[in-house]
Amino acid sequence: MHNAGAESDPMPAPGLYVVATPIGHLGDISARALSILRDAHAILAEDTRHTRKLLTRYDLHTPLISCHKFNEAQRTESVLQRLAEGQVLALVSDAGTPGISDPGTRVVAACRAAGYPVYAVPGPSALTAAVSLCGFAGDGFVFAGFLPVKSAARRRKLSEWLAYPLPVVLYESPYRAMKLLDELIELAPERTIFVGRELTKHYEQSLVGTATQIRAHFEGRSTKGEWVIVIADEQD
């Protein structure tokens with residue numbers, strides 16, 4: 001179905017539009033985002049199969065071009081050529097806002113360096129969702145993204161972030177979520193942490209407590225889905 005009211009929107013100006021898409025609930029997409037996705041000449045998508053589901057939900061038929069972390073650099077030349085022809089391009093990731101621990105930064109930087117306009121179409125982000133839910137990061141925070149996979153580098157980086165004088169927001173995969181809780185139990189057992197799992201989805205969870213308390217909650221339970229963790233600073 002077409003979004004109500006979008007038919008009267010003027011054609012967007014040529015340029016690259018960085019479009020935020022839902023992190024779970026497909027109803028979270030904005031009317032403006034749907035308008036841009038409908039009117040763009042093409043959509044640069046992290047996973048075309050994933051984005052196709054969103055387009056199908058809203059009866060949109062814009063051509064899709066894969067643009068992910070393994071081919072983003074190679075896509076840049078064709079993106080610049082399209083912009084030189086006056087096209088409107090939309091850039092999306094699988095979920096949330098491109099460029100926040102997702103592909104997109106290289107394309108954006110290349111477009112800016114070449115002098116083409118880049119526009120934000122803001123909306124869903126797991127980062128801002130977690131900060132709004134945790135209750136202790138409203139006066140400032142630092143975003144750390146994903147920790148390294150290898151244990152030594154991971155522990156070193158986590159220790160550095162724990163020394164930071166602001167709450168720290170991390171992303172974590174379900175496969176390393178319990179490992180992160182174990183690391184926090186060892187390195188910062190008294191810290192308050194927030195865990196958001198499957199945010200905006202059917203099995204959404206948000207928990208606040210120490211790492212020990214939250215680990216006990218998940219013992220024997222599913223850790224499926226992407227995690228967002230906010231670690232309070234020492235003052236909290």
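Table for the structure above
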{"read-out": "Among (1) 7, 30, 29, 22, 11, 1; (2) 6, 19, 22, 21, 17, 9, 3, 2, 1, 0; (3) 7, 31, 39, 19, 3, the entry that matches P(r) over Cα pairs in 10 Å bins from 0, in percent as calculated here", "value": "(1)"}
{"read-out": "Computed FRET value (nearest 0.05) for Val142 with Ala216, which takes r as the C-beta separation and R₀ as 30 Å", "value": "0.65"}
{"read-out": "Relative contact order (%) - criterion: Cα under 8 Å, at least six apart; region: the stretch 6-121", "value": "41 percent"}
{"read-out": "Candidate lysines - alpha carbon under 27 Å from Lys150, same-chain residues fewer than 8 apart omitted", "value": "Lys69, Lys179, Lys224"}
{"read-out": "Most fluctuating residue given options Ser125, Ser66, Ser159, as computed from a GNM of the chain linking Cα atoms under 10 Å", "value": "Ser159"}
{"read-out": "Most mobile listed residue (Phe143, Phe70, Phe194) in the chain, GNM with C-alpha springs under 10 Å", "value": "Phe70"}
{"read-out": "Cα-based radius of gyration of the stretch 81-128 once divided by 2.2 N^0.38 Å, which approximates compact folds", "value": "1.21"}
{"read-out": "Of the trypsin sites (Lys or Arg not before Pro) in the stretch 134-207, those whose Cβ has at most 15 other Cβ within 10 Å and which sit in DSSP loop", "value": "Lys150, Lys201"}
{"read-out": "Gaussian network model of the chain, Cα within-10 Å springs - most flexible of Ala90, Ala113, Ala144", "value": "Ala113"}
{"read-out": "Mean separation of Cα contacts under 8 Å (6+ apart) over length of the chain, as relative contact order %", "value": "20 percent"}
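Bear in mind that the values in this text are calculations on the coordinates, not laboratory data. All values derive from a computational prediction rather than experimental measurement. Every residue, glycine among them, receives a Cβ derived from its backbone with ideal geometry; neighbour counts consider all protein chains shown.
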